[in-house]
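Here the structure is laid out as structure tokens; the discussion comes afterwards.
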Amino acid sequence: MPGLRQVLAHRRDLRLVLTAGLVSTAGDWILVTGLGYSVYALTGSTVASAVAVMATFAPQVLLGPIAGVFADRWGRKRTMVTTNVLLALGLLPLMAVRHANQVWIVVAVLVWEGAVRQFFAPAEQALLPRLVDDSELITANALVGQSRDLSRLVGAAAGGVIAAAGGIGAVALADAGSFAVAAVLIRFVHATGQVEQHLSRHVRDVVQELADGLRFVARRNALRTLMVFVLLSSIGEGVMGTLFAPFVRHVLHGDSQAYGLIAAVQAIGGILGGLAVASLGQRIPPQRMLAFGAVTFGAVDLAIFLYPLGYTALWPVAVCMVLAGLPGALTIAGLYTLFQQHTTDDYRGRVFGALASLEGVCQLAATFAAGYLGQVLGIIPVIAVQGVCYVVAGFAVLFALPDSGARRSPEAEAVAACEITGAVQSAGGGSGLVETPY
């Protein structure tokens, strides 16, 4: 894997960011898994568990675009360090939770964590293109996805054990420690990620800058297409997240251990797929990577959801989860690479903020809809929507972006940035932006 080894060997800042993400995301999985176990153990209420989970959605929906504005104003490295520190401190109130009537503290902490994380995510995605060459972006994004799968595998397994041993306080301490380590690692990154074109520092100009960012997306065919892809795939993910556990239990007749095994196998498939994409990514245009990955991923999902109509067993879903690892890694790497390549540096924070908000809205709506429709129509017809969404989204990319696989050079990016800046200034705030053909 010469491409993968070369990127890791010569990109010190990338190694630091990947390690920080691995540590902090593992801590997040420890918290999520441990809280799910501990909240239900304290309250005996599935409603309380659901409220705790839903508390993380609201900040993503409400703050995503605004957080993206500040990610473009502030240095991305400083934002990532500061948010990691705030995330660690925000977990400390969980140490006081001992009784069921204190679950409100859990909800408040999750809202805080979700709000702060909205400032971290666009800063991270906007900083990544500063750490590698344009030709290495696919490999870098694949490595980010692979580190998250590895974090899930380790953190989810550890979360239940830590929660059983020490309760909510123990999982909070573990996650806080992971954020502290991540902050230290990112502190040693050389790149600051500060945009060259400084935006206004006045709070009153946030709405104007947000509107400029949304116009930037709306007037570019590539970004519009990618947002449609995110809309469809997020609906599918919301359906999957709501109905997969009932699918395993009521359709496949599996127990909690079977569900945990399937989740672990899924993470293993993602790790293997991430390795393949990281080593081969520089040879595959990101548009083809995204389209092929999404269509294949959707087809594998449809196989998972439809085979129980004729044969009920657990082993096929485990096999398919491993097989889904490669197209899943292709999809993630292709999507984020295209977003980064078709967005100039001074707009990246706002574009990824809008992306986070769109994901949150769609997943929230799909979660509610799937919960209701699953009871009315049955689990299989509704959960199969996830596979259909990915297939349709993949073909949409294939037909709408036929020539977008070519990588943009740094010179092309600089020219595009100058054109955009000039258009914004001449229009008095961005209303004169013209679409640049990609």
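Quick notes
- The set of residues in the stretch 150-175 that are out of contact with any helix residue (DSSP H, G or I) (no Cβ under 6 Å at 6 or more places or on another chain) and modelled with pLDDT under 85 comprises A157, V161, A164, A165, G166.
- Once the stretch 68-78 is narrowed to residues that are of a type outside the set (A, V, I, L, M), in a helix (DSSP H, G or I) and over 18 Å from the mean Cα position of the chain (by Cα), the residue that is nearest to V189 (Cα to Cα) is K77.
- Summed over the stretch 234-248, the residues that are small (G, A, S), closer than 10 Å to I383 by Cα and in contact with a Phe, Trp or Tyr (Cβ under 8 Å, 6 or more places away or on another chain) give a count of 1.
- Annotation: F305 fulfils all but one of (1) within 28 Å of L137 (Cβ to Cβ); (2) more than 21 Å from the chain's Cα centre (by Cα); the unmet one is (1).
- Among the candidates V107, V144, the residue that is in contact (Cβ under 8 Å) with a residue 60 or more places away in the chain and of a type in the set (V, I, T) is uniquely V144.
- Selection status of A333, closer than 23 Å to A400 by Cα and part of a helix (DSSP H, G or I): yes
- Of the residues making up the stretch 113-134, not a single one is without any contact (Cβ under 8 Å) to a residue 24 or more places away in the chain and assigned to a helix (DSSP H, G or I).
- Within the stretch 225-240, residues that are within 18 Å of Y336 (Cα to Cα) have Cβ atoms under 7 Å from residues that are at pLDDT below 90 and not in a helix (DSSP H, G or I) in these pairs: T225/L401, counting only partners at least 6 apart in sequence or on another chain.
- The listed residue being assigned by TED's automatic domain parsing to the domain that holds D28 and either buried (at least 22 other Cβ atoms within 10 Å of the Cβ) or over 20 Å from the mean Cα position of the chain (by Cα) (or both), out of A115, A123, A156: A123
- Filtered residues of the stretch 176-216 (kept if at pLDDT 80 or above and either at positive phi or in a loop (DSSP other than H, G, I, E, B) (or both)): F188, V189, H190
- Condition met for V397 (within 24 Å of P308 (Cβ to Cβ), at pLDDT 85 or above and outside the structural domain of F119 (by TED's automatic domain parsing)): no
- Test for G273: is it crowded, with 16+ Cβ neighbours inside 10 Å and part of a loop (DSSP other than H, G, I, E, B): no
- Pairing residues of the stretch 1-13 that are under 12 Å from V132 (Cα atoms) with residues that are among the acidic types (D, E) and modelled with pLDDT of 70 or more, at Cβ distances under 7 Å and at least 6 apart in sequence or on separate chains, gives V7/E136.
- Flag: E136 matches the condition of being within 24 Å of L326 (Cα to Cα), at pLDDT below 80 and among the acidic types (D, E).
- Flag if F297 is buried (at least 18 other Cβ atoms within 10 Å of the Cβ), touching a helix residue (DSSP H, G or I) at 6+ places or on another chain (Cβ under 6 Å) and either aromatic (F, W, Y) or free of Cβ contacts under 8 Å to residues at least 40 places away in the same chain (or both): yes
- With respect to being under 28 Å from T33 (Cα atoms), among the small types (G, A, S) and at pLDDT below 80, S279 falls outside the description.
- Residue list for the stretch 92-111, restricted to those being at pLDDT 80 or above and surrounded by 18 or more Cβ atoms within 10 Å (Cβ to Cβ): L94, V97, V106, V109, L110
The values are calculated or read from the model by the stated rules, or taken from the named source; none is laboratory data. The structure presented is a predicted model; accordingly, all values stated were derived computationally and were not measured. Counting neighbours? That spans all protein chains shown, and the Cβs are built from the backbone with ideal geometry, glycine included.
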